[in-house]
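To keep things clear, I will list the structure first and then write my remarks on it.
Every number in this text was worked out from the coordinates using simple rules, so none of it is lab data. Quantities reported herein were computed from a predicted structural model and do not represent experimental measurements. Note that each Cβ is placed from the backbone with ideal geometry, even for glycine, and that neighbours are counted across all protein chains shown.
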């Protein structure tokens, strides 16, 4: 294939990213990622901020991982300051997939406590991927401030992030189990149970945590 033909195909793919059809956009993202070109990084990042379909967003992220981090990181880090929540969330998600620890300083407490659940969840996942050795305990402390937050999926995401930190999570979970807020105590207990028995599942861990809060650790009503 000549360079002219490659350029034509890439331009066609880029036009496809704006199609009303999700399947066309998906194929377009695949085509762009299959032939990485530095000129299209901005287009891919910009599309991530507005793409409504989850599968297409995943393909856009994949396409970005096919490009050099030297090109993608500056653009993605800029997106972390964007006003639209999806722009921040998807940039964080893509940074976690790229896995370049140069992005670590940009994963701030502000992002990990963002009012938007999707942004916060993406920040938690990125943080545990990018955290440098020796910073796990500090990160666990930040994550622990979000215990009890949101619904099932948000709480499960936080539990998984804490568990991924290994022993660094233990002191903060033990401290949280004495928190005056019942939802924080329940989430901390459930996370510790899930870490010990991941096969039991999160829902079971939450129910067990509720039982502990009602009956006490001994299993007898207090």
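Observations
- Footprinting exposure proxy for 75, 174 (fewest neighbouring C-beta atoms within 10 Å first): 174, 75
- Global geometry of the range 134-217, whether rounded, prolate or oblate, following the gyration tensor of its Cα atoms and the 1.5 cut on a/c: prolate
- Residue order, fewest to most surrounding Cβ atoms within 10 angstrom, among 124, 104: 104, 124
- Sequence of 160, 210, 15 once ranked by neighbouring C-beta atoms within 10 Å, starting from the fewest: 15, 210, 160
- Chain lengthening between residue 81 and residue 53 when straightened (0.36 nm per residue, less Cα-Cα): 7.8 nm
- Three semi-axes describe the equivalent ellipsoid of the range 32-163; taken as square roots of 5 times the Cα gyration tensor eigenvalues and ordered largest first, they are 25, 16, 12 Å.
- Building the convex hull from the alpha-carbon atoms of the chain and averaging its projection over directions returns 14.0 nm².
- Separation of the range 22-38 and the range 111-169, taken as the distance between their Cα centroids, equals 31 angstrom.
- Rounded if a/c under 1.5, otherwise prolate or oblate - the range 58-112, Cα gyration tensor axes: oblate
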